[in-house]
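Derivation of every value follows stated rules applied to the coordinates shown; laboratory data play no part. Keep in mind it's a predicted model, so treat the numbers as computed, not measured. Neighbour counts are summed over all protein chains in view; Cβ atoms, including those assigned to glycine, are modelled from backbone coordinates with ideal geometry.
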Amino acid sequence: MSGIGERPNRKKTIFTVKVQPRASRQELIRVSETEFRARLTSPPEKGRANDELLKLLADYLGLPPSALRIIRGQSSRVKLIESL
């Protein structure tokens, strides 16, 4: 029995994403089960590219953006993202 505020048993997954900011078009390519390549139109300034990445990945996975978080690579092109 789950208590109030607990999430149902959902498996945490960690994805590796290689990002290309300031691309001419937005695109997400799945390379393997846990690896993606992302082209983002936003510049890598003030977290804009990270926000765009989380929204794009969340849309692809059918999750809300709040269910994803960057656990490594905040200012790097290679990021580790955890789905909660």
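Looking at segment 10-82, what strands (runs of 3 or more DSSP E) fall wholly within it and have at least 3 residues that are in contact (Cβ under 8 Å) with a residue 60 or more places away in the chain? If you could, list the steps in order and put the result at the bottom.
Numbers: elements: 13-20, 27-32, 35-39, 68-72.
Result: 13-20.
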Hey, among L80, L53, which residue is farther than 12 Å from Q20 by Cβ and in contact with a strand residue (DSSP E or B) (Cβ under 6 Å, 6 or more places away or on another chain)?
-> L80
Scanning segment 42-82 residue by residue, those more than 8 Å from the chain's Cα centre (by Cα) and among the small types (G, A, S) turn out to be S42, G47, A49, G62, S66, A67, G73, S75, S76
Unmet requirement for L80, which otherwise passes all of (1) in contact with a Ser or Thr (Cβ under 9 Å, 6 or more places away or on another chain); (2) surrounded by fewer than 14 Cβ atoms within 10 Å (Cβ to Cβ) | (2)
